[in-house]
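Just so it is clear, none of the values below were taken in a lab; they were calculated from the coordinates. The structure displayed is predicted, hence computed values, not measured ones. Cβ atoms come from the backbone with ideal geometry, glycine included; neighbour counts cover every protein chain shown.
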Amino acid sequence: FVIDWVIDLARRSGRHLMLRLVKGAYWDSEIKRAQLDGLNGFPVFTRKVYTDVSYLACARKLLAAPDAVYPQFATHNAQTLASVLVFAGPDFYRGQYEFQCLHGMGEPLNEEVVGRHNLDRPCRVYAPVGSHETLLAYLVRRLLENGANTSFVNRIADASVAVDDLIADPVAVARLIQPLGAPHDRIAAPRELYAPDRVNSRGVDFSDESRLDKLAKGLSASAVASWRAFPPGAAGDDPGEPVLNPADLSDVVGVARHARADEIAAAIAIGDRAAPAFAAIAPSERAAMLRRAADLLEGRNDLLIGLIVREAGKSYANAVAEVREAADFLRYYAHEAARTLNPGSPAPLGLVVCISPWNFPLAIFTGQVAAALATGNAVIAKPAEETPLIAAEAVRALHEAGVPRDALQLMPGAGEVGAALVADPRVQGVVFTGSTPVARRIEKELAGRLTRRGAPLPLIAETGGLNAMVVDSSALAEQVVVDVMSSAFDSAGQRCSALRILCLQEDVADRMLAMLRGAMAELEVGDPRALSADVGPVITAEARETIVAHIAKMRDRGHEVTQTPLGQGAARGTFVPPTLIEVNRIADVEREVFGPVLHVLRYRREALDKLIDDVNAAGYGLTFGLHTRIDETIARVAERIEVGNIYVNRNIIGATVGVQPFGGSRLSGTGPKAG
């Protein structure tokens, strides 16, 4: 279709277009990305022979339109080249077409093509030009591609590969595959990535215009829907309080009301009575409820995404990830419950309180509740007061999936609601995600309390961290910038795993800082209802004031501050510009600042061990990143750092359920990791 469009464009514009035909690169990255993103299929073929057939079909179409295009056939495959020669016919004329090959890799084939004593066809030799820092990465990629076991360049050098196999007609080979066109049986389709245990959550292809149209319709539908979050038993005509969009405070998303003391007491009594009956339900049936809930959430994907964008101020990409992670948690804990629980397993605790944060209002809320329900506990779920509407939708889906209403109750409200729930002696366990100070208060409240079986009351907590990333002089600067930008500023820095302190080896600090500042200048800060927005709002005006006060304090202390300009319309919401602050030592950052603020310090190579000790001394232990090409450094740092999750040569956010269990220790949490 692309070739048809180009040919039509050339003819309509009266131009003769040069068109280079290649078999493509980054095949493995395309496969991996489609799997991770949960797409409906792959954007590339899963079998090399299909690519060869497609190339020949495209070549034939290009050669049939000499009035419109000048084809340039880039290939190192002798069989492909010979096929193109046959398609083109013997009556070659200058300007009909050309071949292309890479300098240093395609010379033997090139020598057979050019010159009157050979095939007498033009072959353009192309080569990268630039500094060695730029060239090395490019050349290594080319070597890896041509070193693949399906590559013609690799196979022609392999004495064990027969000539007949090298020159086999790809069309004939493809026809032998049954059923015709079948994908590679050893490459899992995106939805089957975790098969047979569970299906992968469904993602969104942001390059698909029809899919973007559905997202836009979901946003519009969310604006006219009646979103409500009330305690059980609340009157239908209860007006509640408005819940506002942090990106546009004139946008009323829905209404909610905090639970009153009598409603809290009633919910605890109901949940305590319901716990034995829910515990008696077979683990397989509880698992089935969770799977049905996952299907329901995915079925309401577009509407939920619209709600998340408006209530939580998240970008479309982050909202999609929220729904996907919630579905993954439901299916993961369903599978684990069915797989591990049996009549000999420990009995459920009873009534469990789950207190969740606003920064992952669907994913973390659902994950905590799913884990508690899967293990047979009745649950009272207290969402963050900033995002109760999203939590209410998750609870509705679980009820619709079969979870008894008495076994799962929503208690919207502020911190006082959570405190009242935790203080009740009938509560047999607490799952908490939020700030370290609140976690300490909960720990103090539960200290010395025992369950009905005489065991210490369990607290599973995940809090924040002063997450650091160390970058040495061997790191690839371009990759560092990409990973730092996403780690520090994605979700406006409102992730517990977000990067707070970047440590650059002084030998490369100036160059990397210049690149980071340039990348920051390109960010668009604005209402996430627009796809163009890179960074959305912080959650409340109070949060903005806290972050702005920290930036002002650091500036007053003489630290250099760089900020991204705010976009138009920022005054309508609670926005903070992405901010970079240069500091001299880890201790200059006294606490976690929950927003788009990145602190950067320089270190000497010989002081690496001292730097890691300083990171540990901060007391947190959630995530840590390292960028280096030196294996010894990876082993050395990984052995020394005290955190829950270490990420090497990648960003430090976005742990995948069931693949990268997430959680910290010390000031960053206690108990088992999530997922």
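Summary of the geometry: segment 399-456 and segment 90-124, compared by the centres of their Cα atoms, lie 74 Å apart. Taking every alpha-carbon pair under 8 Å whose residues sit at least 6 apart, segment 531-675 reaches a relative contact order of 16 percent.
Remark: segment 209-462 is approximated by an ellipsoid whose semi-axes, taken from the C-alpha gyration tensor as √(5λ), come to 29, 21, 16 Å, largest first.
In deg cm²/dmol and to the nearest 500, what is the mean residue ellipticity at 222 nm of the chain if only DSSP H runs of at least 4 residues count, each as -39500 (n - 2.57), divided by the residue total? For the chain, the value works out to -13000 deg cm²/dmol. Look at Glu98, Glu478, Glu592 and count the other Cβ atoms within 10 Å of each Cβ; fewest to most, that gives Glu478, Glu98, Glu592. Each residue in Ser532, Ser160, Ser668 was given a count of other beta-carbon atoms within 10 angstrom of its own, and listing them fewest first yields Ser160, Ser532, Ser668. Spatially close Lys pairs in the chain, defined by Cα atoms under 26 Å apart and a spacing of eight or more places or different chains, total 15.
In terms of its Cα atoms, segment 468-670 spans 50, 39, 30 Å along the principal axes, sorted from long to short. Within segment 209-462, DSSP assigns beta bridges of which about 25% are antiparallel (rounded to the nearest 5). When you restrict to C-alpha pairs under 8 Å that are six or more residues apart and normalise by the size of the chain, the relative contact order lands at 11 percent. One equal scatterer on each Cα of segment 2-192, no solvent, Debye formula: the resulting log10 I(q)/I(0) at q = 0.15 Å⁻¹ is -1.10. On the principal axes of its alpha-carbon atoms, segment 331-483 has extents of 56, 36, 34 Å, going from largest to smallest.
Report, as a whole number in µm² per second, the diffusion coefficient that Stokes-Einstein gives for segment 630-675 at 25 °C and 0.890 mPa s using the Kirkwood radius over alpha carbon pairs. For the chosen part, D equals 207 µm²/s. For the chain, the convex hull spanned by the alpha carbon atoms encloses 198 Å³ per residue.
Sorting Met18, Met289, Met554 by the number of Cβ atoms found within 10 Å of their own Cβ, with the fewest placed first, yields Met18, Met554, Met289.
Across all directions, the average projected area of the convex hull around the alpha carbons of segment 291-414 is 7.0 nm².
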